[in-house]
Each structure stands twice: as C-alpha cells, then as structure tokens.
1. With each pseudo-label sitting 7 Å past Cα toward Cβ, what's the His322-Glu350 distance in nm, one decimal?
2. Counting only protein chains, not ligands or nucleic acids, how are Lys269, Lys371 ordered by accessible area (probe 1.4 Å), most first?
3. FRET efficiency for Gln681 and Asp431, Cβ-Cβ distance as r, R0 = 56 Å, nearest 0.05?
4. Can you give the calculated 222 nm mean residue ellipticity of the chain, where each DSSP H run of n ≥ 4 adds -39,500 (n - 2.57) and the sum is split over every residue, rounded to the nearest 500 deg cm²/dmol?
5. Tell me, what is the FRET efficiency for Glu123 and Ser238 to the nearest 0.05, using R0 = 30 angstrom and their Cβ-Cβ distance as r?
6. For region 49-159, take the convex hull of the Cα atoms, compute a quarter of its surface area, and give me that in nm², please.
7. Quote to one decimal, in nm, the extra length available between Ser224 and Met662 on full extension: 0.36 nm per residue of separation minus the C-alpha distance between them.
8. Near the amide H of Asp256, under 5 Å away, which other amide H atoms are found, from residues 5 or more places off or on another chain, if H is placed in the peptide plane?
Amino acid sequence: MRHFLCLLTLFAVLLSSCQDTKTLDKDPIKIACVGNSITYGSGMANREMNAYPKQLQHLLGDAYQVENFGVSGNTLLQKGDHPYWESEAYQKALAFTPDIVFIKLGTNDSKQQNRIYLDTDFEKDYAQLIQSFKAQNEHTRVVLLLPVPSFLGDSTSIWNPIIRDKVIPLTQKVAYDTGSEVLDLYQVFAGDESMFPDKVHPSSLGATKIAQLVYEHMVQKTISTHSILENQNVQIESQENFHGFQQTNFKYKDWDCKIVQPKQVAEGKPWVLRARFWGHEPQTDIALLERGFHIAYCDVSNLFGNQEAVSRWNDFYELMTHAGLSEKVVLEGMSRGGLIVYNWAAANPEKVVCVYADAPVLDGTSWPGGKGSGNGSPSDWEQFKQVYRISSETELDKFDGNPIHKTTVLAKAGFPMLHVCGETDKVVPVDENTVIFEREIQAAGGNIKTIYKPDVGHHPHSLENPTPIVDFILRASGRKINFASIPSPGSEYRSAAGWKEDKGWWYQMQDIDSLSRNSGKLDLLLIGNSITQGWGGSRTLTTYKPGLPAAEKHLKNLNWVCAGISGDRTQHTAWRIKNGHYDEGKPKFVTLAIGVNNFPYNSAEEIAQGIILNVELLREKLPNSNILLFGPLPTGLDSDSERRKKYDRVHQLIADLGNREMVHYYNLVDELSDGQGHLKQDCYSDDGIHLKSKGYEVWGAFIAKKIAELKIQNKNSKS
C-alpha cells in the first residue's frame, strides 16, 4: 500500500509540473513531436523504440501521450524543397490537438537550395506554424528545439555554419517574438561527432540525450510570475532578445544593470549573478534560463572586486531579493570577474549557492600586475592599485584583498566551487591563480573542483558543451534531476558491446525475458551490466563470455540465467526489473551488480539512490528471492584514484541495504585487491572496470559460497 501511495504521489507531481488543468481522472496530456528525420529517427537502430519521442514516452509514463510526427527531409520553409506543411504528418499533428508541441525543424533549411529563403521567409513561416497549433488549442504550449549540429563537410548540403549562424539565431528570434519556449539541442551535442554515425542524425544514444533534456523541461516545477522589476525603484532603459529570452536593461543608482527572465520561472526563483563580459560564451546562461533561472548583471567593471564593488553588489542583491528572487544566488565570473565573485562571496558566504569561475583572476599581482610568468596589463595594473589605494611596494606586500588571501573563509563557508581553466593560459597563469587557490581551499576542507582543458589558453572560456557546468550548478542548488533513479529502457545499439550485429538493447532485453520465462524454476538470476553479461550462459545473442568457464565450475549445479546487458546503468536495470517477467522464473537467488556505468554521469549519492530503487523494485517484484547485492563491483585500479573514491562513497551509502529483509550486501574490494588495495592485475582489465577470467573465478566462488551459506541459514531458520 505504501508503494502504491508513493507512485500515486509521483504521478500527481508529474501532472502538476506541466501546469495543466487536467487531472488524474481525465485523458493523458498530449505531446506532439513535430520535426524532420531527427525526430522521426532516421538511420537509427530500432527507430520504433529508440526515436526520442518514444524514449520520452517511457520517461514520462502513462500520464502523457507522446506522438511522433517527424518526417524525413522536411523543411520549416514553405518554399523549401520538401516543406513540412505539405506532409500528412502535419495534418495528423493538427488533428491530434496537442497540449504541448515540440518543434524541431530547420536542419534541412540549411541546404543550399533552401537557405536562399532564410532571410525573407523563415521567421514568417515559423510564426505561422506556431499559430496553426494555437488555432487548434489556444492554450497549447509551444517549445522550439534548436537544431543539432551537423558534421558534414559538404557546404551544399546540411551545413553547420548555416545552422549555427543563421538558423539558430532566427529560431531564437521567433521564440522571442512569439513568446514560445525554446530548448538548445545544439550545445548539448557541440563537438561530439561520436553521437552522429552519419554526421547528421543522432544515434539512439543521442536520442536519449534529447529525450532527457525534453523530460527535464517537462517536469521542472515552475510558478507563474510577472517581471520582477515591476514596482521596483529602477529606470528601465530597453528590452531586447537574449537568445530567445527577454533581456531588460535598466539603471539602478546610475549603475548599468541587466536581467534576463526565463519563459518558465522555476519554483523558488533561482538566479545567477554574473560578473563582467556579459553575453560572452552564453551557453551556460542559456541552459540555466531553460531551467527557470534568472540571469542578472550589475556593472562593477574597473573596480577589480574592491570594497566599492562589493558594496554595489550588496545593494543590487538587496534589490533582486526584495523583488522576489531567491535569498541564495549562484555566482559566475570569467577572468577578472573572479575578483568580485570571490570577494563578494567572502563577505556574504551565507548568500551563496555556489561559484562557477572561468579562468579566474584570483591574485591581482599575477594579473593585471604581471609579477609572475604572465605579461599582465600595465594600464589595468595602475587602475588596480588606484582603486585599492596601493601607492608603494610596502603597501603591496601587506595587501590582502585578493581572493587568494581569503581561502580559509571561503572554504569554511562550505559552498561548492567549480573552476574551468585552460592548462596553457598565459594571460592568467593557472599556476599562480587556480592551482594555488584550489590547493589552499582543499587544505582548509573546502569543496572545489577544477576542469582543466588541455592545450587551451585563456580563450575560449567555458565549455563548448556546458553540461558539466550546468549539472554542477543544478546539483549545488538541489535541482538536478537524477536519471539514475528514473526507470528507463536502454538505447545502446553497438555490437562492440559484445552482441551479435544489429542485436541491440531491446533484443538483449527480450532474449533475457524469454529465458526468464521459459527456463523453469530458477535457482539464480544474475542482473547487471556488461560485467554480468560476461557470464554468458544460455544467452543466444551475445558474443563475449569471459566468465563462462567460472560459471561452468561454480554454478554448474544451479539453474541460472544471465540478465546482464552491456552499458546498463541503474535506471536501465530498474526498468527491466519493473517491466520484465523475471518473476515468472521464481528465482531463489538474485545477484545485483550495477552502477559503474553511472560513474561518468552521476554523483555517488545519485548512483546510490538508483541502486536503492533497484533493490526496492526487486523486493516488490520478487518478494521470495534472496538478493545478493554487490552494487558496482570494485573499480579504479589504484586505491587512491578518483574512481575508487567514488566507488567507496557509493558503497558507504548502500551498505545499510543489507539490513533489509532478504537483502544481503557484499563489497568485494578485499577479494579483488592486493595488499596495497590496488585491483589485482590478473583479475582486471586495464580499464579497471571489466573482469578477466580470473576475476570471474573469484566472483563465481564467492557467489557459490554465499548461496550455500544462505541455504543453510534458511534451512536452520525453518527447523
């Protein structure tokens, strides 16, 4: 009953997050995915199950009805060579009368024969398309999806410079003019050609990224709000288009200020206070606007973070919070902006969510002073000394107004910090700024992480794909959606996963399901990822079975089925447990070894939540099965590696699951490590993840031993 109530609560949250008037006793919310071949799923393995609308349906569940109205080769332009307007899918989409429309068009408009109409017709045609859906249902939410990048080298075909520099700005202007919502697909794929097997169409894995981004947009909790500057003592000067969002330029106490408002304001009204270089490398700001953050700016240029700058920001902060924005703010500073963000944070630690600093100046003597390896800036240095009232070398030696001098205070504040730096920065040398700062913050117990970009100088700032920065800010503000604990099917398709050609995730899932249903009463079901898949067994569609000899030795007296799928993360095994037919085999014992594939994408806490969900689903679906919980198997070749630290943290968080009924928790780090704690070379591949045959020998013996012990315990308890 308790589980049913939890599901019912989640169901209600999903519905209310869309701000729709529909209730549980009415029809599902209808979502139309309009677009071209990328929406349709052309060139994708198992398009019917893997196209992004289908994956979105699986994520959202039965409270929604998601339909795919994509047509290959179609253009937004009515004068294009294959206009979407003339398609049967368009008429069906209109007849569907959707509550929400996601439109992803523009890719084919970049072709040579179509791009000639972009300047004259694109905005007009897009506005007309939006209005055609509004005419069917005036309350329809319209969300424009910016095109993904193209990696083709043919300038007459789908050409990335046209997509990036023409189609995307035009689409953003349409979003601004029509008030439509907008999501940036371009940046989440920027520079990642691996997701595009034919250089144009995302693979099924790419479709997963699209589906997840759309899902995030759908379920975020938002509130209705007016402009926060209403009834505030400010002088509005102008409004303009900031990548599809409304930017308001205003004066406050004669200071130049700006604020950009999201289309859907997130609950709690989170915001970012950005220092210097407004609009430069805006991809992080755009992504946060999509997620309901306001982006604000108050000019403190040429003050180099001095007390006047801090006081000015104090007043601006009071203005913003009085207007309704959150009491805690995200600080963002590029280059010399590092001076003000950290000096303000040191003076106001209780008001800071987190700090994102990009190639930050942390010591004025490094830049603009040029006292180290960098050239500095003589004119800026003179101004720096003037605003800090430094008139002699003696005063300079005593000066302690740089962030580098405030590491103890900043570390004690406890908020997380992220730096993004080029390793070869000659302007603001990292060895004189972030490296020292990071070391001292860590020594003082602070929370800081740095992304170092190899072979990159001071420019370009940010990351081409801002996801790591955005995720850092979302986690720090408690707004990161944990996909590790949302059951969803996998979308892996590559035969290198140890599968027969063209036998991707869905085929593997169905093969396992069939074996679970048709192999009689099972003694053992082994659930997991590629490591578990390596046991082999009676699987017919796998090609790599390094664990089979160990299985034939240690599991020979058991009726067992291998339910491992290469690439699976906690969300994928959760979906299989929930939707598969593993209960029909009535396994006496189930092993669960999952989580290592989540490491690049999820925090230890998020992974643990995913594992906890798996255990809860197993207990619900297989109440009479003993669960042998291994979590992620030991990973990280060296005992002090970052991977091992994450592994240890995950196991620290899941160990208590062993106290639950029928759940038996095991950590195999001692069995698979040497005396120094390093993973045994004869057990592990060089990646520190996958087992060799000897590793399966150790694991197989352990499983057999524990099953025998549990059988004795069960027998004794009955007697």
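1. 1.9 nm
2. On the way: Lys269 40, Lys371 115 Å².
Correct descending sequence by accessible area is Lys371, Lys269.
3. Numbers: r = 35 Å, r/R0 = 0.62.
E between Gln681 and Asp431, to the nearest 0.05, is 0.95.
4. Values: 25 runs with 266 residues, N = 719.
So the calculated ellipticity at 222 nm is -11000 deg cm²/dmol.
5. Details: r = 21 Å, r/R0 = 0.70.
That gives a FRET efficiency of 0.90.
6. Details: hull surface 30.4 nm².
Over every viewing direction, the Cα hull of region 49-159 projects on average to 7.6 nm².
7. Values: separation 438, 0.36 × 438 = 157.68 nm, distance 4.70 nm.
Separation in residues times 0.36 nm, less the Cα-Cα distance, equals 153.0 nm.
8. Those qualifying (amide H under 5 Å, at least 5 residues apart or on another chain) are Asp299.
The values are calculated or read from the model by the stated rules, or taken from the named source; none is laboratory data. None of these values were measured; they are calculated from a predicted model. Counting neighbours? That spans all protein chains shown, and the Cβs are built from the backbone with ideal geometry, glycine included. The area values use the complete protein model at the heavy-atom level, side chains included, leaving out ligands, DNA and RNA. Shrake-Rupley method; radii C 1.70, N 1.55, O 1.52, S 1.80 Å.
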